[in-house]
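To start, the structure itself, in structure tokens.
The values are calculated or read from the model by the stated rules, or taken from the named source; none is laboratory data. Everything numeric here is computed off the predicted structure, so don't read it as measured data. FYI the Cβ positions are ideal-geometry reconstructions off the backbone, even for glycines, and counts take in every protein chain you see. To get the accessible areas, we keep the full protein, side chains included, count just its heavy atoms, and leave off ligands, DNA and RNA. Shrake-Rupley method; radii C 1.70, N 1.55, O 1.52, S 1.80 Å.
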Amino acid sequence: MKLYIKNGHLIDPANGIDAKNDLYIADGKVLAVGSAPAGFVADRTIDAAGLIVSPGFVDLSARLREPGYEYKATLESEMQAAMQGGVTSLICPPDTDPVLDEPGLVEMLKHRAKTLNQANVHPLGALTVGLKGKSLTEMAELTEAGCIGFAQAEEPIEDTNVLLRAMQYAKTFEYTVWLRPQDAHIGRGGIAASGPLASRLGLSGVPVMSETIALHTIFELMRATGARVHLCRMSSAAGLELVRSAKKEGLPVTCDVGAHHIHLTDADIGFFDSNARVTPPFRSQRDRDAIRFGLLDGTVDALCSDHTPVDDDEKLLPFGEASPGATGLELLLSLTLKWADDYAASQDTGAVRPLARALARITSDAARVAGLDAGTLSVGATADVCLFDPEARWTVDASALASQGKHTPFLGYNLAGQVHTTIVAGHVAWQRS
């Protein structure tokens, strides 16, 4: 299939391209940018006038809920949501049921995803058996089955000796360990960020030191082992300052934040809105502003949707009883653009436009963190492409979402940025009718 995309504004942060350019695709690869190759005859032409043409988005955290939680979402529904959101590569955490700690489970998930012929699914294997923090998984076998790294999802390891051994093993084979920094005891069972608001609402708190204590431990173990660590879903100003120092020190660390955390604070819980029950919890305005600035100065490497679909039975409950999580695949673009408009545009970003800088965080930067050959429109690269209208506005409601999870703190918001076409490996996987 030969595809010709004309009249679009091409933004490819990896190659510093931000200009009107045509794109030529053949055999699932990018054949040329700008001028047509000799003898090129397209099987299909897409007029992208008024649209941005960018690499397909790379999402560092999307729970697809299979296997085990099909009542919350199915692979079919969430892959459709990915296509509508322009997400062509996604990383899924290992906290399925059963946990992704066996090669056969990983192979089954990869096979199921491949048959749908939509987004590229890259699983994270469990760091410990059953995510119980006791014994290490067979990381080499899981890597052969298709895992790109190893994580504990939301289950911190209590025994620091186990984490030390895991990082020593990971360093031996140059695997990346993905950890959400949270102390195993402080803040456990908490449902809102510690502070005046949680106290006023009578909600148990998760203090910032739950994040910072865990970070101190992780960084000490990194110094001892040399292991590469990716920190998932940073949430505090103090935590980001520690990451900033660790990077200056030269530790091989990267980190991401959830797209909803760059816009919302603990005040958005409102009158116990269970749609705003997420993990980690929304923190103060100071923390949110630090996250926004961290994205700008490079302390935060990437944005992710933190897509966690939850069904009505587990969400339409009192705040403290509701399951944490929000749908995010279809909101990733709009929330990224909103950051570019709200914040990056107000800062001195030099020659790089806020839009290009924002897109880097969900394309080339995210791909670099995950070690994926994706997030670029370089000649010869796999043709994963997203065409979107940055000005088109849409209202977030249940009927607009393909995901089986309809719960998000942004319900009712009117947002800019709508995907027009999603192309995966050179074939048009989804197009807005």
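For Ala224 and Ser135, what does the FRET efficiency come to when R0 = 22 Å and r is the distance between their Cβ atoms, rounded to the nearest 0.05?
0.60
Per Stokes-Einstein, at 37 °C and 0.692 mPa s, what whole-number D in µm² s⁻¹ belongs to segment 63-207, with the Kirkwood radius over Cα pairs as the hydrodynamic radius?
For these conditions, the coefficient is 198 µm²/s.
Among 120-127, 302-309, 147-154, sorting by the average number of other beta carbon atoms lying within 10 angstrom of each residue, highest first, gives 302-309, 120-127, 147-154. If both residues of a DSSP beta bridge must be in the chain, then about 50% of such bridges are antiparallel. In summary, the aspartates and glutamates within cross-link reach of Lys2, defined as a Cα separation below 18 angstrom excluding same-chain residues under 8 places away, comprise Asp22, Asp27, Asp43, Asp47, Asp384. The listed residues Glu314, Glu155 rank as Glu155, Glu314 when sorted by accessible area, largest first, using a 1.4 Å probe. Assuming charge only on the beta carbon of Lys and Arg (+1) and of Asp and Glu (-1), the dipole of the chain about its Cα centre is about 700 debye to the nearest 20.
Does segment 385-433 come out rounded, prolate or oblate by the C-alpha gyration tensor, with a ≥ b ≥ c the root eigenvalues, rounded set by a/c under 1.5 and, if not, prolate when a/b is larger than b/c and oblate if not? Note, shape of segment 385-433 comes out oblate. With only alpha-carbon pairs counted, each pair once and no self-pairs, how large is the Kirkwood hydrodynamic radius of segment 274-433 in angstroms? Kirkwood hydrodynamic radius for segment 274-433: 17.2 Å. Taking packing as the residue-averaged number of other Cβ atoms within 10 angstrom, the listed peptides 195-205, 234-244 run from highest to lowest as 234-244, 195-205. Here's the picture: charge each Lys and Arg Cβ at +1 and each Asp and Glu Cβ at -1 in segment 364-423, and of Ala366, Ala416, Ala381 the one pushed furthest to the positive end of that dipole is Ala416.
Scattering from segment 192-349 was approximated by placing one identical point on each alpha carbon and applying the Debye formula without solvent; log10 I(q)/I(0) at 0.16, 0.18 1/Å stands at -0.94, -1.14. Computed log10 I(q)/I(0) for the chain at 0.06, 0.07, 0.10 Å⁻¹: -0.23, -0.31, -0.66, from the Debye equation with unit scatterers placed on every C-alpha and solvent omitted.
Global size of segment 218-284: 14.6, 46 Å for Rg and Dmax (C-alpha atoms, Rg to one decimal, Dmax whole).
In segment 37-86, the alpha-carbon atoms span a convex hull of 150 Å³ per residue. Structure remark: mean-square fluctuation, Gaussian network model of the chain, C-alpha springs under 10 Å; the largest value among Val208, Val278, Val352 belongs to Val352.
With springs only between Cα atoms under 10 Å apart, run a GNM on the chain and tell me which of His407, His185, His420 wobbles the most. It is His185. Distance between the 7 Å Cα→Cβ label points at Glu107 and Asp159: 3.0 nm. Its DSSP H runs of at least 4 residues, each contributing -39,500 (n - 2.57), put the calculated 222 nm mean residue ellipticity of the chain at -8500 deg cm²/dmol, to the nearest 500.
Taking 0.36 nm per residue of separation and subtracting the Cα-Cα distance, full extension of the segment from Phe173 to Ala32 would add 47.1 nm. For segment 1-135, the antiparallel share of DSSP beta bridges with both residues in that region comes to about 50%.
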